[in-house]
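These notes are about the structure you will find just below.
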Amino acid sequence: MWDSESIWEIAVEATSASHDARGAGLLATAHRAGFSEVTGIRATRLYLLRGQLDRAAAERLSADLFADPVIEQWSCHQGADWPESAEPVVEVHLLPGVMDPVAISAAGAARELLQSAALGGTGVQVRTAWRYAVIGLTELDRLETLARRILANPSIEKISICGLGRRDELPQRFPEAPQVSNQVRHVRLTGLGDEELTRLSREKHLFLSVEELRAVERHFATLERDPTDLELETIAQTWSEHCVHKTLKSAVVYRGQGFGVDGIDADVERHYDNLLADTIAKATRELALPWCLSVFKDNAGIVDFDERHGVAFKVETHNHPSAIEPYGGAATGAGGCIRDILGCGLGAKPIANTDVFCVADPDFDDDRLPPGVLRPRRILRGIVEGVRDYGNRMGIPTVAGALYFDDRYLANPLVYCGCVGVISKDRIHKEPRRGDKIVLVGGRTGRDGIGGATFSSAELTDTHADEFAHAVQIGNAIEEKKVLDALLRARDHATGCLYTAITDCGAGGLSSAVGEMAHELGAVVDLDKVPLKYAGLRYNEIWLSEAQERMVLAVVPERLAELVAVFVAEEVEASVIGEFTGDGVLRVRYAGGEVGSLDVGFLHKGLPKRRRIATWNALRRSSPTVNERIADVQAMLLERLSSLNCCSREAVFRQYDHEVQGGSAVKPAAGVGEGPSDAAVVRPLLDSRRGVAIGAGVCPNLSDDDPYWMAVLAIDEAIRNVICVGANPDRIAILDNFCWPGCEDEEQLGALVRACQACHDAAVTYRVPFISGKDSLNNQFSLSADDARRLGLPETIAIPGTLLISSLGLVEDVRRCVTSDLKQPGARVWYVSADVRRGGPESAAAMHRTVARIIRSGQATACHDVSDGGLAVCLAEMCIGGARGATVSLDGFATGADARLRLFDESRSAYVFTTPPDVDGNALGGGREIVELGVVTRDKRLCIGVGAKTLVDVEVPRLDAAWRRTNYLD
Amino acid sequence: MAQPRVLLLRAPGINCDVETQHAWRLAGAECDAMHVSRLLEQPATLDRYGILTLPGGFSYGDDISAGRILANRLAHRMGEQLRDFVRCDRLVLGICNGFQVLVKAGLLTAGSPHTRCTLALNAQGRFVCQWTSLRCDTQRCVFLERGRRYFLPIAHAEGRFAVANAEAYDRSLAALRYTRGEPRTGPANPTGSFDDVAGLTDETGRVLGLMPHPERFVDPSQHPFATAADDIPEPDGLAIFRAAVEVFR
């Protein structure tokens, strides 16, 4: 309950509409979403304060803290009630327990201000909310829809409405957490039948199979007791797909079409003892490259950078939370991946972020949205803003990424977040020691995000938003930034690193962080010592909470005082919550009693290994569609340029601070005309010219046909990206991130096996090792039969098998980098390609090295990867970037009249590059055919012809306009 | 004082401290970073320095409004000392978030005696990261050269300069203005700033607040068209740091 007596409400709004950018933005969004009758939205920021406050204090805070005297006005009054308003008013408050970072900072600032002015202020608490006056709406149900679609997300926010005949009670302003019993509960497994176990697994959100629950039952039978709820939940987290990748690590028998160019005609049977180890990790093992410093064992893979440093790279997905709350889901996805880098070795310093999003058409018909699914435009905008706000606040440049549209991502958008870090080579090894203290640093623990790891194993349905609302979180980037600042100071302390091991608190919270660190030693943890956001948490909630911005350290007792001092100086809480024991048991205590005692051997090795059958029937697949005859090449080029999958990504990257840290060498925009770059190049050390190139390959459109070639071409594209900007082809490492619709079905698993096998084959041929990877294997959405019929959608919307390959290439000197924009008029334009589907990766491996050699020799002045949209789009993009023209002839292609097909062919691995007029590209090919296409011109026209026929003759500004026209974000 | 000493103020959420420190060192200054809480504990530390720098970032998350909380801490607890610092011929440089802090702490105004100004949310309502062409029209500011064009990146959500009273606004305080130039896409004034203002100085010319980031262009490799250019002269950002160091020579 809330006591209105002690509440002060401070309302702040812009003095003129021109400074109400929030209101104006929402109005534009409302119009785009079809609320054309709305003529205005006025936004008011609300601060609700509780504590030692009188009018003088509230007015002082309003004037000196909350309102900007130049552009805002404020009002404050005691108690909170609806304002007098002619227009209907909507208030949006966060649901109890949802992170409110502004409130945390505001409370601190308010207390400090009042204390320095001797106006009290002790114990002041703050909550924030938004109030919107909506002008022009006359029907209540329209207002309710607008509030739900545009103004708030009911999965994290409470909507209250006053007007048009409705007058809600305003939400409790300072909700108190309900007190819960902390009596130890046991869960009985013995005697339960298969059906009962299945139900238990589902109801408790364990997502364990019957077989797995039986293994737990047998283990506890030997101990002659039932597991506690905490123990069972710990096992479920530790054994979740998210944490152990049990599908990728299962034993698989594959039956179906063979692999690679030679495998097409014959079926094979292949046995994998551990799919991941026998394909992806095997490639890295076989290559055995000395510059791979740490692969597949830490939070991130680490490769050699220079004499003293390594570079770490990790990519994660955060798909399910982003489907429900795109902003918070994506922000915490970025935050989690950054923590992986912070927790890699003894801590790497993040130097760059990457992001790849797969979403449905932003203009997908609203009336055909399944229940519980957010509009794709809203999803995309939310995830872009989430990644933006987290990365920008952390001061990590978001430098590279991709955006891919397909309507099968309607209910399961994919959000990949990556982070690159730099680490001293003597900080790679870590190991907690017996007797080390377990220190929890960072944000406080609340009821947030409980069950995230198991949630990712669930198939989404229309009730997922309600059922898993607790798994949705809002991040607090500044807390993580403080942790980063403190951590690097503790790592590089004058007296040596102040801790012996570190890991991040991610999925599974403490259960998984401490469990992982203690996997050999065992540990004892006192949950009473974990700092809480609010009272009333049950012991298992403390243990499993996925509250963000926390890390766990192992600290030798003698260094503890120094370590705590470093964190306190950076305003970060650091608490000793237990110690590593060495007895091989993970003991969890609360209020003097033991609430869990798990044998770490069973916890980490007791998961029964699955044996699976995978099949693949090539005959049921469609063969790739060959380009039909193209009537009007120029019209097709303009259409392709403005298509969702080719058009400019500027609306996204402009919002990311891609320059912070000062290391940016090749940026998302290339040239004076700001065309697209193939990859980003970042210089991690300000006093060095060495850099890393970061690229990405993703081509889910090829999955339906054959995931084998999809994977090969994704790897090929990721390699081309970094080669284009000047990476050393012998120093490219890659990461795999699988997002699959599901794997219970033998064919779906067969598709996964084909992609994994391709990863092995291509990585070995290209000599690019995998250094890290992650998977998300449940990305399909179930509709009821009725809904499916009504909406004209399948009962199961399954994403296409999507494999993101991220690449990290070494650039010895960033001054030698090349970008895609055309430069000097008169330069000659060349094309080189390989047909990977017919010739296998071996047909392209030498080409990548040839192009890299040409770039390294300094003879290439521009280079661009031919990808979505084919050669025509590639040339157009190079013209746009350079604000130059080009005159191109297709006569060099042996295919003659079909040359125009080459223009839009996306199936080949190909590059376009330019050289100064006196350089003969063919002499650079080392025996490989390099086709001369034409010449760069000063007049801004792209002319493409074959024989005497002109196919394209268009002004570059027109290409530019087509490429920038498409609005997929606002 | 041959080599000036620079105090660089850190705070929770400040994130351009490392590269700004690097820029000062490249320019020939000695630069110490200090957490704002340490400075507030021992304000006299400030007197040991010739230059104070407030680097970019999101101090305290930019919660409530950009720079507001850090500005309040400084203004309420050592405002007079900061004004004395400037009076004693020392220099103050506020970059991006640092500029927002200087404005919101009242250390930079739009005219005399005290015309209030602010840095509001950009006209497009969101964060923008973009290289911009700038020009300096004033002789007053020791960090800048009148008539010179500067090419530097901006990266902020709240950089739209606004004044409370346009009639009291003193145009000669506008130290840097957005201007037409490279890159060719997008508007010259990318945030809708009043009078195209990208940077502001005070009457002494010894305080500079600017939204663009000079520390992000101190090496030719940082230039966005570096791959097209054969030769990049002195990076524009480095020139700003060097000009400040020159004051102490």
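Looking at the structure I just gave you, is A:Ser772 crowded, with 23+ Cβ neighbours inside 10 Å, at pLDDT below 95 and closer than 27 Å to A:Lys246 by Cα?
No; evaluated as a whole, the condition is false for this residue.
I'd like the residue in the range A:50-79 that is in a strand (DSSP E or B) and either more than 13 Å from chain B (Cβ to nearest Cβ) or free of Cβ contacts under 8 Å to residues at least 60 places away in the same chain (or both) and, out of all such residues, is nearest to A:Val124 (Cα to Cα).
Ranking the candidates gives A:Arg50 first.
For the range A:544-563, give me each residue that is closer than 19 Å to A:Gly343 by Cβ and either more than 31 Å from the chain's Cα centre (by Cα) or not in a loop (DSSP other than H, G, I, E, B) (or both).
Within the range A:544-563, A:Leu544, A:Arg550, A:Met551, A:Val552, A:Leu553, A:Ala554, A:Val555, A:Val556, A:Arg559, A:Leu563 meet the criteria.
Residues of the range B:110-135 being part of a loop (DSSP other than H, G, I, E, B) and either within 11 Å of chain A (Cβ to nearest Cβ) or of a type in the set (S, T, N, Q) (or both), which ones?
Restricting attention to the range B:110-135, the residues satisfying the condition of being part of a loop (DSSP other than H, G, I, E, B) are B:110-116, B:121-127.
Scanning the range B:110-135 gives B:Ala110, B:Ser112, B:Thr115, B:Arg116, B:Leu121, B:Asn122, B:Ala123, B:Gln124, B:Gly125, B:Arg126, B:Phe127.
Can you name the residue in the range A:925-953 that is outside any loop (DSSP other than H, G, I, E, B) and of a type in the set (Lys, Arg) and is also modelled with the highest pLDDT among such residues?
The selected residue is A:Arg941.
Among the residues of the range A:601-637, how many are modelled with pLDDT of 90 or more, assigned to a helix (DSSP H, G or I) and either more than 31 Å from the chain's Cα centre (by Cα) or exposed (fewer than 14 other Cβ atoms within 10 Å of the Cβ) (or both)?
Here the count works out to 8.
Could you check A:Leu403 against (1) touching a Lys or Arg at 6+ places or on another chain (Cβ under 7 Å); (2) farther than 30 Å from A:Ser688 by Cβ; (3) among the hydrophobic types (A, V, I, L, M, F, W, C); (4) assigned to a helix (DSSP H, G or I) and say which number it fails?
Only one criterion in (1) touching a Lys or Arg at 6+ places or on another chain (Cβ under 7 Å); (2) farther than 30 Å from A:Ser688 by Cβ; (3) among the hydrophobic types (A, V, I, L, M, F, W, C); (4) assigned to a helix (DSSP H, G or I) is unmet by A:Leu403, namely (4).
Are any of the residues in the range B:192-201 touching a residue at least 12 places away in the same chain (Cβ under 8 Å), of a type in the set (Phe, Trp, Tyr) and within 11 Å of chain A (Cβ to nearest Cβ)?
Looking through the range B:192-201, at least one residue is touching a residue at least 12 places away in the same chain (Cβ under 8 Å), of a type in the set (Phe, Trp, Tyr) and within 11 Å of chain A (Cβ to nearest Cβ).
If B:Asn72 satisfies all but one of (1) within 11 Å of chain A (Cβ to nearest Cβ); (2) surrounded by fewer than 24 Cβ atoms within 10 Å (Cβ to Cβ); (3) at pLDDT 95 or above; (4) over 30 Å from B:Arg171 (Cα atoms), what's the number of the condition it fails?
(4)
Check the range A:98-116 and report whether any residue there is of a type outside the set (Gly, Ala, Ser), closer than 28 Å to A:Arg444 by Cβ, away from chain B (no Cβ under 14 Å) and part of a strand (DSSP E or B). If you could, list the steps in order and put the result at the bottom.
Looking only at the range A:98-116, we keep the residues that are of a type outside the set (Gly, Ala, Ser), and these are A:98-102, A:104, A:111-115.
So of that shortlist, the ones also closer than 28 Å to A:Arg444 by Cβ come out as A:98-102, A:104, A:111-115.
Next, only the ones that are away from chain B (no Cβ under 14 Å) stay: A:98.
Pick out the ones that are also part of a strand (DSSP E or B) and you get none.
No, the conditions are met nowhere in the range A:98-116.
Condition first: more than 8 Å from every other protein chain (Cβ to nearest Cβ), within 13 Å of B:Phe99 (Cα to Cα) and in contact (Cβ under 8 Å) with a residue 60 or more places away in the chain. Now tell me which residues in the range B:39-61 satisfy that.
B:Pro55
Mind telling me which of the residues A:Arg255, A:Arg285 ends up being closer than 30 Å to A:Ser843 by Cβ, assigned to a strand (DSSP E or B) and modelled with pLDDT of 95 or more?
Among A:Arg255, A:Arg285, only A:Arg255 is closer than 30 Å to A:Ser843 by Cβ, assigned to a strand (DSSP E or B) and modelled with pLDDT of 95 or more.
Condition first: charged (D, E, K, R) and in a helix (DSSP H, G or I). Now tell me which residues in the range A:264-282 satisfy that.
Here is the first cut: in the range A:264-282, the ones charged (D, E, K, R) are A:265, A:267, A:269-270, A:273, A:278, A:282.
Listed by number, the residues that qualify are A:Asp278, A:Lys282.
Filter the range A:18-49 down to the residues that are over 30 Å from A:Asp366 (Cα atoms) and part of a helix (DSSP H, G or I), then identify the one that is nearest to the other protein chains (Cβ to nearest Cβ).
Once the filter is applied, the top-ranked residue is A:His19.
Taking strands (runs of 3 or more DSSP E) that fall entirely within the range A:801-878, which contain at least 3 residues that are within 14 Å of chain B (Cβ to nearest Cβ) and surrounded by 22 or more Cβ atoms within 10 Å (Cβ to Cβ)? Explain how you work it out, then say what you get.
On the way: elements: A:802-811, A:828-834, A:862-866.
Counting at least 3 such residues, we get A:862-866.
Check every one of the strands (runs of 3 or more DSSP E) wholly within the range A:639-729 and list those with 3 or more residues that are more than 11 Å from chain B (Cβ to nearest Cβ).
Details: elements: A:664-666, A:680-682, A:691-697.
Answer list for the range A:639-729: A:691-697.
Any residue at all in the range A:891-908 that is within 30 Å of the chain's Cα centre (by Cα), under 21 Å from A:Val725 (Cβ atoms) and among the hydroxyl-bearing types (Ser, Thr, Tyr)?
No, the range A:891-908 has no match at all.
What is the number of the single condition among (1) modelled with pLDDT under 95; (2) surrounded by fewer than 15 Cβ atoms within 10 Å (Cβ to Cβ) that A:Cys243 does not meet?
The one condition A:Cys243 does not meet is (2).
Listed residues B:Leu82, B:Leu107, B:Leu102; which is more than 14 Å from every other protein chain (Cβ to nearest Cβ) and within 24 Å of B:Phe151 (Cβ to Cβ)?
B:Leu102
Could you grab me the full set of residues in the range B:3-29 that are touching a Pro at 6+ places or on another chain (Cβ under 7 Å) and assigned to a strand (DSSP E or B)?
Result: B:Leu8, B:Ile14.
Report every pair of residues separated by at least 6 positions or lying on different chains whose Cβ atoms are under 8 Å apart, first residue within the range A:391-415 and more than 13 Å from A:Val652 (Cβ to Cβ) and within 14 Å of chain B (Cβ to nearest Cβ), second outside any strand (DSSP E or B) and among the basic types (Lys, Arg).
Qualifying pairs under 8 Å: A:Arg393/A:Lys481; A:Met394/A:Lys481; A:Gly395/A:Lys481.
Using the structure shown, decide if A:Ser85 is farther than 16 Å from A:Gly23 by Cβ and not in a strand (DSSP E or B).
no
Can you tell me which residue is nearest to B:Phe194 (Cα to Cα) among those in the range B:208-221 that are surrounded by 24 or more Cβ atoms within 10 Å (Cβ to Cβ) and within 9 Å of chain A (Cβ to nearest Cβ)?
Ranking the qualifying residues of the range B:208-221, first place goes to B:His213.
Could you list all residues from the range A:881-924 that are of a type outside the set (Ser, Thr, Tyr), within 14 Å of chain B (Cβ to nearest Cβ) and either under 23 Å from A:Arg640 (Cα atoms) or not in a loop (DSSP other than H, G, I, E, B) (or both)?
A:Gly881, A:Gly882, A:Ala883, A:Arg884, A:Phe913
Looking only at the range A:117-128, count every residue that is within 14 Å of another protein chain (Cβ to nearest Cβ) and assigned to a strand (DSSP E or B) and tell me the total.
Selection size over the range A:117-128: 3.
Tell me yes or no: at least one residue of the range B:10-20 is touching a residue at least 40 places away in the same chain (Cβ under 8 Å), polar (S, T, N, Q) and crowded, with 23+ Cβ neighbours inside 10 Å.
Checking the range B:10-20: at least one residue is touching a residue at least 40 places away in the same chain (Cβ under 8 Å), polar (S, T, N, Q) and crowded, with 23+ Cβ neighbours inside 10 Å.
Here are B:Phe99, B:Phe58: which of them is within 14 Å of B:Gly13 (Cβ to Cβ), of a type outside the set (Val, Ile, Thr) and modelled with pLDDT of 95 or more?
Among B:Phe99, B:Phe58, only B:Phe58 is within 14 Å of B:Gly13 (Cβ to Cβ), of a type outside the set (Val, Ile, Thr) and modelled with pLDDT of 95 or more.
When you look at A:Glu520, is it out of contact with any Gly (no Cβ under 6 Å at 6 or more places or on another chain), charged (D, E, K, R) and assigned to a loop (DSSP other than H, G, I, E, B), yes or no?
yes
The values are calculated or read from the model by the stated rules, or taken from the named source; none is laboratory data. The model shown is predicted, which means the values in this text are computed figures rather than measured ones. With ideal geometry, Cβ positions are generated from the backbone for all residues, glycine too; neighbour counts draw on all protein chains shown.
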